[in-house]
Amino acid sequence: MRAIAHPIRIAIVDLLDQGGPLSVTDIHTHLNIEQAIASHHLGILKNKGVLTSQRAGKKTIYMLRDEDVSEMISILERLQAVHSTAMFGLKVA
C-alpha cells in the first residue's frame with residue numbers, strides 16, 4: 001500500500017491500467033513529468049512487486065503485475081471520497 005500511496009505512483013498505475021503496457025517515455029509524456037521522476041517512481045513500483053517489465057530493444061516496457069492492483073486503487077479512491085465527504089458533513093450518495 002505504501003508503494004502506491006503517492007499521487008504520481010497512483011497516476012502511473014491508473015495510466016497502465018487504462019493504456020496497457022507502456023515505456024518510460026510514454027509514461028512521462030502522458031503524465032507531463034520529467035523522465036527521471038517517472039523512472040524513479042517506476043523503480044519503486046517494480047521493486048515492491050506492483051509492476052513488471054520487459055525489454056523491447058532499447059526500451060523497457062512496464063505493465064501491472066496483477067490486475068487486482070487497479071481494483072485496489074479504485075477502492076482507495078472511493079474511500080478517499082467518502083472520507084472527504086464526511087469531513088465536510090455532506091451526505092454520500
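Read-outs: derived from the displayed coordinates by stated rules, not from any lab. Everything numeric here is computed off the predicted structure, so don't read it as measured data. Neighbour counts are summed over all protein chains in view; Cβ atoms, including those assigned to glycine, are modelled from backbone coordinates with ideal geometry.
Observations on the structure shown:
- Within segment 10-38, the set of residues being surrounded by 15 or more Cβ atoms within 10 Å (Cβ to Cβ), within 19 Å of residue 71 (Cα to Cα) and either in contact with a Gly (Cβ under 7 Å, 6 or more places away or on another chain) or of a type outside the set (A, V, I, L, M, F, W, C) (or both) comprises 14, 17, 21.
- Scanning segment 39-70 for residues that are buried (at least 18 other Cβ atoms within 10 Å of the Cβ), part of a helix (DSSP H, G or I) and touching a Ser or Thr at 6+ places or on another chain (Cβ under 9 Å) turns up just one, 42.
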